[in-house]
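Trainee: Sharing a structure, written as structure tokens. Questions coming.
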Amino acid sequence: MFINFWYPLGLSTEITGEKPFRAQVFGLPFVAFRDSAGAAHVISDTCVHRGGSLSKGKIKGDRVACPYHGWEFGGDGKCAKVPSLGEDGKIPARAKVDAYPVQERYGILFAFLGDLPEAERPPLYEVPEYGLAGWKSQTYVLNLGAYYQRSMENGMDPIHNEFVHPLQGTPKMSAELQRNQTPMEDIPWGSKFYLPFGEKRADTALAADRQGSRTGAAGSWYQGPNQLVTWIDLTATNAFHQYLFEQPIDENHTRIFFLNLRNWLMEEKHDKRVEELTLQIVNEDMALLENLNPVRTPDTNNKEILLPSDHAVFRYREHCREWESRGWRIDMKALKAKQGDVAFAIPCPARRESGNWVLDSVPLMPGQAAVQAHAKAATGIRSA
Ligand code: FES
Ligand SMILES: [Fe+2]
């Protein structure tokens with residue numbers, strides 16, 4: 001799991017000004033709430049007084065109040081009121097929790113879980129068709145009992161469709177494409193494939209509504225570790241464009257915010273049928289993913305057999321290693337070993353500006369710079 005990317009925390013409708021909303025990412029708790037102007041905020045859910053869960057407290061004006069002793073924290077993470085100190089009591093300088101940049105897009109609240117300054121942050125995925133005339137959008141929240149990277153890799157796997165979704169009727173890849181390395185094109189923070197349809201398969205229930213010949217193409221791409229796109233362009237005018245934003249709750253659970261957009265079958269009477277077919281495919285994928293062994297993607301590729309047609313999966317894993325080399329991968333083993341004794345937080349951008357934080361920052365795997373410094377130090381010792 002990686003810091004320094006945008007993660008979905010909830011539907012906009014789940015975040016209110018009445019009650020704080022608890023969201024979990026990487027096994028760590030966050031609280032989201034709206035201030036009196038309706039703006040959403042995300043801060044760490046751990047009260048720095050004595051560990052109260054802010055999400056179990058109340059929203060008071062622009063702040064969230066801890067249920068234990070009433071300390072009030074604003075959207076900037078700073079404690080603005082300690083009731084027991086009285087009106088003019090001096091609030092301790094360390095009374096602050098991490099506060100994260102947020103964006104509300106596509107009816108979803110996203111938080112940037114990391115400490116990078118704005119100019120260096122990887123972007124939230126831009127969905128070009130969202131809200132455009134001529135496109136219809138359905139949003140689903142999927143609760144998957146599997147590791148998010150397994151789900152991402154499933155989306156980047158063009159071969160599985162034929163076996164996992166036998167009734168889907170998507171055109172099969174040509175034998176040549178199946179045998180050869182999937183052609184990939186790098187995009188900012190990711191990689192994509194987009195291929196013309198090969199052999200035709202049995203038509204689906206939707207075939208009668210399709211206009212034009214089936215001359216299209218389909219493809220998938222990822223941006224960052226948890227944003228996945230699939231375009232199924234059946235013809236120039238009949239397309240499904242799907243966007244998945246994944247929230248890794250912990251290593252065994254993922255909440256997926258799934259936008260299914262289409263530019264045909266626009267009348268309401270088609271909604272139910274499209275939904276049924278979409279969810280059938282989703283359920284086929286989920287049943288498969290919830291039974292993979294091991295649960296998490298192996299650390300080395302030689303613990304599986306990757307074929308040329310798994311090249312998209314291979315590229316995704318290479319990118320994950322690149323983000324790890326930047327020092328962005330959470331050391332989940334170290335985190336889990338200490339959780340229960342230590343409350344951790346994802347470092348927020350303000351940690352680069354000021355010190356004096358009560359909660360420990362999550363342990364991170366050593367990045368390239370740390371590995372190199374370590375090697376240099378070791379060489380120095382040997383040559384001394
Ligand atoms: S633990 Fe939150 S106010 Fe005491
Ligand atoms: Fe699938």
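The values are calculated or read from the model by the stated rules, or taken from the named source; none is laboratory data. Everything numeric here is computed off the predicted structure, so don't read it as measured data. Cβ: placed from backbone, ideal geometry, glycine included. Neighbour counts: every protein chain shown.
Trainee: I'd like the full set of residues that are in a loop (DSSP other than H, G, I, E, B), surrounded by 15 or more Cβ atoms within 10 Å (Cβ to Cβ) and away from ligand 1 (no atom under 12 Å from the Cβ), limited to segment 77-90.
Mentor: Gly77 - this is the single residue of segment 77-90 that is in a loop (DSSP other than H, G, I, E, B), surrounded by 15 or more Cβ atoms within 10 Å (Cβ to Cβ) and away from ligand 1 (no atom under 12 Å from the Cβ).
Trainee: Collect the residues in segment 112-165 that are closer than 15 Å to Tyr222 by Cα, within 20 Å of the chain's Cα centre (by Cα) and part of a loop (DSSP other than H, G, I, E, B), keeping them in residue-number order.
Mentor: Pro122, Pro123, Leu124, Tyr125, Glu126, Val127, Met156, Asp157
Trainee: Examine segment 57-72 for a residue that is touching a strand residue (DSSP E or B) at 6+ places or on another chain (Cβ under 8 Å), in contact (Cβ under 8 Å) with a residue 40 or more places away in the chain and acidic (Asp, Glu), and state whether such a residue exists.
Mentor: no
Trainee: Between a residue in segment 268-281 that is under 18 Å from Val164 (Cα atoms) and any residue that is of a type outside the set (A, V, I, L, M, F, W, C), which pairs come within a Cβ distance under 6 Å, given they are 6 or more apart or on different chains?
Mentor: Short answer, once both residue conditions are applied: Thr278/Asn260; Ile281/His165; Ile281/Gln168.
Trainee: Between Tyr125, Tyr147, Tyr194, which is at pLDDT below 95, over 21 Å from Val274 (Cα atoms) and of a type in the set (Phe, Trp, Tyr)?
Mentor: Only one candidate passes the filter, namely Tyr194.
Trainee: I'm trying to understand the selection: among the residues of segment 248-286, which are more than 13 Å from Gly145 (Cβ to Cβ) and of a type in the set (D, E, K, R)?
Mentor: Arg262, Glu267, Glu268, Lys269, Asp271, Lys272, Arg273, Glu275, Glu276, Glu284
Trainee: Could you grab me the full set of residues in segment 357-372 that are among the hydrophobic types (A, V, I, L, M, F, W, C) and either touching a Cys at 6+ places or on another chain (Cβ under 7 Å) or at pLDDT 95 or above (or both)?
Mentor: Trp357, Val358, Leu359, Val362, Leu364, Met365
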